[in-house]
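Working notes, structure below.
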Amino acid sequence: MHPATAKWYDRRDSVFIEFCVADSKDVKVNFDKTKCGFSCLGGTDNVKHENEIDLFDAIDENESKHKRTDRSVLCYLRKAQPGKAWPRLTKEKAKLSWLSVDFNNWKDWEDDSDEEMGNFDQFSDMMNNMGGEDDLPDLDGPDDDESADSDDEKMPDLE
């Protein structure tokens, strides 16, 4: 038995796992509150693949689904707590040789959350309400040319 190679990515309300097995047959995907099980026969030589994943956080097993294509099996795991980021797929921090992050589909969705956009809007409003440039103190001092700095001497002409 071999674990299937898999890629995963995180979204606000779900996690996706793609088991990369071409020509899979007898696909079985089991969703449990904190586990995901996958097994199938794959390829022309019908190699048995099996993966058992202890998930980072709980999922809604009734809302989770999978879809088989000729090249892979894509699993959609509905998070029990939408809006909570998963820094990794597994409960343990161990690096699994068959699992990698799907960087093509990865988005740092926490960075553009509605709440933070709201905070950004509040910040913009606060900046706008502070007044225009006319209200800024003069940081350069008086505008008279007699207060020239010592390094403001006239440069000699180039030859």
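Overview of results
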{"read-out": "Under-5 Å amide H pairs with Asp102, H placed in peptide plane, nonlocal only", "value": "Trp8, Tyr9"}
{"read-out": "Given charges at beta-carbon only (K, R positive; D, E negative), |dipole| of the range 6-100 in Debye", "value": "300 debye"}
{"read-out": "Selection from Tyr76, Gly42, Val27, by position along the positive dipole direction of the range 6-100 (Cβ)", "value": "Tyr76"}
{"read-out": "Karplus-derived HN-Hα couplings along the range 27-41 (A = 6.51, B = -1.76, C = 1.60, θ = phi - 60°), whole Hz, x at Gly and Pro", "value": "6, 10, 10, 10, 9, 10, 3, 10, 9, 9, x, 9, 8, 6, 9"}
{"read-out": "Per-peptide average of other Cβ atoms within 10 Å, ordering 54-65, 94-105 highest first", "value": "54-65, 94-105"}
{"read-out": "Residue-by-residue Karplus 3J(HN,Hα) for the range 65-70, coefficients 6.51, -1.76, 1.60, Hz, glycine and proline x", "value": "9, 9, 9, 9, 10, 5"}
{"read-out": "Mean accessible surface per residue for the range 6-100, computed with a 1.4 Å probe while every protein chain stays in place, in Å²", "value": "55 Å²"}
{"read-out": "Protection-proxy order for peptides 153-159, 39-45, 14-20, each taking the mean of Cβ atoms within 10 Å per residue, highest first", "value": "14-20, 39-45, 153-159"}
{"read-out": "Percent accessible area from carbon and sulfur atoms, the range 6-100, protein chains only, probe 1.4 Å", "value": "47 percent"}
{"read-out": "Cα-Cα over 21 Å, subset of Lys7/Lys35; Lys67/Lys91; Lys67/Lys95; Lys25/Lys95; Lys25/Lys79; Lys25/Lys48", "value": "Lys67/Lys91; Lys67/Lys95; Lys25/Lys95; Lys25/Lys79"}
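The values are calculated or read from the model by the stated rules, or taken from the named source; none is laboratory data. Please read all numbers here as calculations on a predicted model, not as lab measurements. Every residue, glycine among them, receives a Cβ derived from its backbone with ideal geometry; neighbour counts consider all protein chains shown. These accessible areas exclude ligands, DNA and RNA; they are computed on the full protein's heavy atoms, side chains included. Shrake-Rupley method; radii C 1.70, N 1.55, O 1.52, S 1.80 Å.
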